[in-house]
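This report refers to the structure that appears directly beneath it.
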Amino acid sequence: MAQTQMALDSLDFDATVDLATKVAPHVDILEIGTPCIKHNGIEMLKTLRAKFPNNKILVDLKTMDAGFYEAEPFYKAGADICTVLGTADIGTIKGVIDVANKYKKMAQVDLINVEDKKACALEVAKAGAHIIGVHTGLDQQAAGQTPFGDLTMVTGLNTGAKVSVAGGVKAATVKQVVDAGASIVVAGAAIYGADDPAASAAEISGLARAGNASSGGMGWLPWALIAGAVLLGLFLLNGGSTDEMASDCCNNGTSY
């Protein structure tokens, strides 16, 4: 099931806590956005961790160097996920992954501005990244870019890592990204810009879960067909015949 994440990007400490209070019951992950964490520091994390023990908290550090050293204080203070840029050196990325593992938490690699996203996604997944973030930034969105094509490519790699998608996601596009394989749906302006942020968060979360159900509702069918073929093969190998199987099915009241 896809999780929902709310991006808290305001510089105002009290306004951020107030908004988090409204949306926390309706989302899985509270994200302390890069502008917010730069302006308010680790006290913002400590405050949200104390107030919202049932939500995961992502700190969008966008680390570019000294991965282990930079991320460790935030994991210690209660972060569940910290981000590192995919454009960083692989040693930096491994540092964030290592410290995440030390605290039994998660590291997310952000593909924003990565030129070869396929190669980067494969490399960081091999290094142990827990989440790969497909991210179209605000400036890129203003230029008309979206994350949808990159999302399909990354989920198609089947790396085993979770895939997060951010960049203009709103109620009208939630089903699209969930059907494309997103594990985490990130919404920012669609929630904090709404007249009723709590209602918007609830709507987006509901759509994410409904999208999973509708796209996965028949996911059992290929496996059922495979299982049936295997059973038929074993029956025939043991000397049975298709006529006998049909007879057995009729006698047992079973039809295929």
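The values are calculated or read from the model by the stated rules, or taken from the named source; none is laboratory data. Nothing here was measured: the structure is a model prediction, and the numbers come from that model. All Cβ positions, even for glycine, are placed from backbone atoms using ideal geometry, and neighbour counts span all protein chains on display.
Assess whether Lys94 counts as being assigned to a helix (DSSP H, G or I) and more than 19 Å from Glu31 (Cβ to Cβ). Step through it out loud before you land on a result.
On the way: assigned to a helix (DSSP H, G or I): yes; more than 19 Å from Glu31 (Cβ to Cβ): yes.
Yes: the conditions hold for Lys94.
Quick one: which residue in Asn158, Asn212 is at pLDDT below 95 and polar (S, T, N, Q)?
Working: Asn158 fails: at pLDDT below 95.
Of Asn158, Asn212, the one residue that is at pLDDT below 95 and polar (S, T, N, Q) is Asn212.
Quick check, is Leu19 buried (at least 20 other Cβ atoms within 10 Å of the Cβ) and either in contact (Cβ under 8 Å) with a residue 40 or more places away in the chain or under 20 Å from Ile191 (Cβ atoms) (or both)? Criteria met by Leu19.
Looking at this structure, is Leu11 in contact with a His (Cβ under 9 Å, 6 or more places away or on another chain) and closer than 19 Å to Leu138 by Cβ? Break it down stepwise before answering.
Details: in contact with a His (Cβ under 9 Å, 6 or more places away or on another chain): yes; closer than 19 Å to Leu138 by Cβ: yes.
So Leu11 fits the description; yes.
For the structure I just gave you, tell me whether Glu70 is in the same structural domain as Val17 (by TED's automatic domain parsing), over 30 Å from Thr21 (Cβ atoms) and without any contact (Cβ under 8 Å) to a residue 60 or more places away in the chain. Steps first, please.
Values: in the same structural domain as Val17 (by TED's automatic domain parsing): yes; over 30 Å from Thr21 (Cβ atoms): no; without any contact (Cβ under 8 Å) to a residue 60 or more places away in the chain: yes.
No.
Considered as a group, the residues in region 31-47 that are within 17 Å of Ala166 (Cβ to Cβ) and either of a type in the set (D, E, K, R) or touching a Lys or Arg at 6+ places or on another chain (Cβ under 7 Å) (or both) include one that is surrounded by the most Cβ atoms within 10 Å (Cβ to Cβ), and that residue is Glu31. Counting only residues that are of a type outside the set (D, E, K, R) and either surrounded by fewer than 17 Cβ atoms within 10 Å (Cβ to Cβ) or in a loop (DSSP other than H, G, I, E, B) (or both), how many does region 48-78 have? Here the count works out to 11. Restrict the check to region 159-182 and report whether at least one residue is over 16 Å from Ala208 (Cα atoms), free of Cβ contacts under 8 Å to residues at least 40 places away in the same chain and part of a helix (DSSP H, G or I). No: zero hits.
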